[in-house]
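The values are calculated or read from the model by the stated rules, or taken from the named source; none is laboratory data. Quick caveat: nothing in here was measured; it's all calculated off a predicted structure. Neighbour counts are summed over all protein chains in view; Cβ atoms, including those assigned to glycine, are modelled from backbone coordinates with ideal geometry.
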Amino acid sequence: MDFEVVYNKKSAEFDKTKLAKKLIAIFGEANVSQKEIDILSYSKDFILLSARWTLDGKVAAKPDFIVWPTSAKQISDLLILANKVKVPIVPFGAGSGVVGGALPILGGVIVDMKKMDKLLEINDQNLTATIQTGKNGMNIERDLNNKGYTLGHIPQSIFTSTLGGYLAHKAAGQFSTKYGKIEDMIISFEAVLPTGEIIKSKAAPRTSVGPQVDKLLIGSEGTLAIITEATVRIWPQPEKRALVSFAFEKMEDALNSVREILRKQVYPAVVRIYDSDETERHFGSEKNYKDRCMTIFVCEGDTDVVALEEKVTKQICLKNFGIDCGEAPVEHWFETRFNVSEISKYTPIGVIVDTIEVAIMWDGAANLYYETIKAMKKVPGVVTATGYVSHAYPQGVGFYFSFSGVPDKQSPEGFSKAVWDITMESTVKSGGSIAHHHGVGVVRSAWMEAEWGSIMPLLKKIKKALDPKNILNPGKLYDGPIE
Ligand SMILES: Cc1cc2nc3c(=O)[nH]c(=O)nc-3n(C[C@H](O)[C@H](O)[C@H](O)COP(=O)(O)OP(=O)(O)OC[C@H]3O[C@@H](n4cnc5c(N)ncnc54)[C@H](O)[C@@H]3O)c2cc1C
């Protein structure tokens, strides 16, 4: 069956028959596919427009082969081969990325990491776990919970994403204010460089020995290495949990409360501030929170610490005119936090729905929120533009904006791009960072220069030095807008 392809109009050229034989020699027949059903399965990630494309009989980008490695050595052999025959190699976790990072936009070989899914070791004394990166996030958490630990990395996509995807896209989970983001969790790693060398770092609580290579690879979106293994920090499962919620008349009061709580070095695991539209959407319009900003906190850990965190959190929210809404809204959040049914409900009736997350220091936070919502609403066809704080730090916050609308005279792609562009512009103008935790992929590549400025040439040099033939995930991060 023929499908219109959105991205890879110019696929790389190589002899497919010869390559098939070589891939089988490395991975074995059962771990190599060029069946149409597999090609189609790996022709998309979770760019939100891909639901629209599926309904229109389009696919985002088609690979030529899919392989399922079981060792770093096989990946190394693949990359050595790929440099010889000049075939693009695209690492793939679970395809839950929302920016097109895992799309094979120049065709080539998808390296699906899911068979590298072992929890290799738990070290109780060091509080670490060593895990292969193809392991699904929920399976990591379940296996750790069964032994009395948690990683504390709970993204909304936990059922459909992998450790490798988290490291590559610099992910952030819902409990991140206490446990940190993925870059705070990694202690050491094993990875295969684009030219095939296998590298492995030493586990240490901290080092002071030259530049930090793991920081270079985290967030590199499969362009500088395929990460095969990581040793991560783990924690004993929390003894106690306290659920706290407050509704605020003004977004500024909610922001000030969170800022003051973190300033006191009190770190609730979950911190979220919903604007009034998001509050109605998620929590309904009970009189205490109608037209207000619902703010929820989950404090967890040692019983005494939780009691103190709960006390300080409540005191500060009350001081900032918050209305105590009790545990019920947080219980509701726990029940609904993985529900993402809106996209499948609205796409078939022609509505485009998407989300955009950005980051900003405290002194620009309120301004960025108001300016961005205003800017999004100006795009013709936009019906709703809403936002919430999904992650908070002593220095600032991550905002998560959502929009929905019906393109008027534009194509779905044109409409979506118009809202993305105006949000990126508003973020840059407000001094924010264009992405908090979803990464760049193809959706944000046009904005890399605006984000990195004088550092962009250095990033390009690093890519060139590590991947001189541009084998690993070509067309991403360094190559500007994707046509
Ligand atoms: C409903 C929904 C909710 C989400 N919620 C969150 C959230 O709460 N927090 C959050 O941070 N993100 C969230 N995301 C986005 C997404 O889940 C993350 O970006 C996640 O990290 C992607 O993981 P993956 O395994 O699916 O990666 P993929 O989508 O398969 O790949 C993502 C990128 O990583 C690269 N890659 C994959 N594995 C490796 C590897 N082993 N080595 C090197 N590169 C690799 C790919 O080439 C690609 O560039 C959500 C997505 C959806 C659809």
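A compact table of results
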item	result
Lone qualifier among S416, S402 - being modelled with pLDDT of 95 or more, of a type in the set (G, A, S) and either surrounded by fewer than 18 Cβ atoms within 10 Å (Cβ to Cβ) or out of contact with any Leu (no Cβ under 9 Å at 6 or more places or on another chain) (or both)	S402
Matching residues in the stretch 162-194 - criterion: being part of a helix (DSSP H, G or I) and within 12 Å of the ligand (Cβ to nearest atom)	L163, G164, G165, Y166, L167, A168, H169, S176, I182, E183
Matching residues in the stretch 36-92 - criterion: being under 30 Å from Y346 (Cβ atoms) and touching a helix residue (DSSP H, G or I) at 6+ places or on another chain (Cβ under 7 Å)	K44, L48, L49, A51, R52, L55, V59, A60, K62, P63, F92
Residue list for the stretch 197-227, restricted to those being of a type in the set (V, I, T) and either touching a Ser or Thr at 6+ places or on another chain (Cβ under 6 Å) or closer than 30 Å to H282 by Cα (or both)	I198, I227
Some residue of the stretch 152-161 being surrounded by fewer than 17 Cβ atoms within 10 Å (Cβ to Cβ), more than 14 Å from the ligand (Cβ to nearest atom), outside any strand (DSSP E or B) and not assigned by TED's automatic domain parsing to the domain that holds G28	no
Failed condition for S208, given (1) more than 25 Å from K240 (Cβ to Cβ); (2) in contact with a strand residue (DSSP E or B) (Cβ under 7 Å, 6 or more places away or on another chain)	(2)
The stretch 431-470, subset basic (K, R) and not in a helix (DSSP H, G or I), residue surrounded by the fewest Cβ atoms within 10 Å (Cβ to Cβ)	K469
Unmet requirement for R142, which otherwise passes all of (1) assigned to a loop (DSSP other than H, G, I, E, B); (2) surrounded by fewer than 20 Cβ atoms within 10 Å (Cβ to Cβ); (3) over 11 Å from the mean Cα position of the chain (by Cα)	(1)
Condition broken by N126, with the remaining ones in (1) surrounded by fewer than 24 Cβ atoms within 10 Å (Cβ to Cβ); (2) assigned to a loop (DSSP other than H, G, I, E, B); (3) touching a residue at least 60 places away in the same chain (Cβ under 8 Å); (4) within 16 Å of the ligand (Cβ to nearest atom) satisfied	(4)
Count of the stretch 141-199 residues which are among the small types (G, A, S) and either in contact with a Cys (Cβ under 6 Å, 6 or more places away or on another chain) or over 24 Å from G398 (Cβ atoms) (or both)	4
Pair list, Cβ under 6 Å, 6 or more apart: the stretch 200-229 residue in the same structural domain as A168 (by TED's automatic domain parsing) and away from the ligand (no atom under 14 Å from the Cβ), other residue aliphatic (A, V, I, L, M) and modelled with pLDDT of 95 or more	A203/I187
Residues being among the hydroxyl-bearing types (S, T, Y) and within 28 Å of I261 (Cβ to Cβ) - total across the stretch 319-347	1
One residue from K84, K114 being near the ligand (Cβ under 10 Å from one of its atoms), more than 17 Å from the chain's Cα centre (by Cα) and surrounded by fewer than 19 Cβ atoms within 10 Å (Cβ to Cβ)	K114
Selection status of K409, surrounded by fewer than 17 Cβ atoms within 10 Å (Cβ to Cβ), among the basic types (K, R) and part of a loop (DSSP other than H, G, I, E, B)	yes
Tabulated pairs, the stretch 159-187, first within 21 Å of T228 (Cβ to Cβ), second near the ligand (Cβ under 7 Å from one of its atoms) and of a type in the set (D, E), C-beta under 7 angstrom, 6+ apart or interchain	A168/E221; H169/E221
Number of the condition not met by L106 [criteria: (1) surrounded by 24 or more Cβ atoms within 10 Å (Cβ to Cβ); (2) more than 9 Å from the ligand (Cβ to nearest atom); (3) within 30 Å of I434 (Cβ to Cβ)]	(1)
Any hit, the stretch 308-322, residues being farther than 30 Å from S96 by Cβ, of a type in the set (D, E) and not assigned by TED's automatic domain parsing to the domain that holds P407	yes
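For (1) under 25 Å from the mean Cα position of the chain (by Cα); (2) within 30 Å of A365 (Cα to Cα), each residue gets a yes or a no:
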position	(1), (2)
P205	no, no
G219	yes, yes
K240	no, no
R263	no, yes
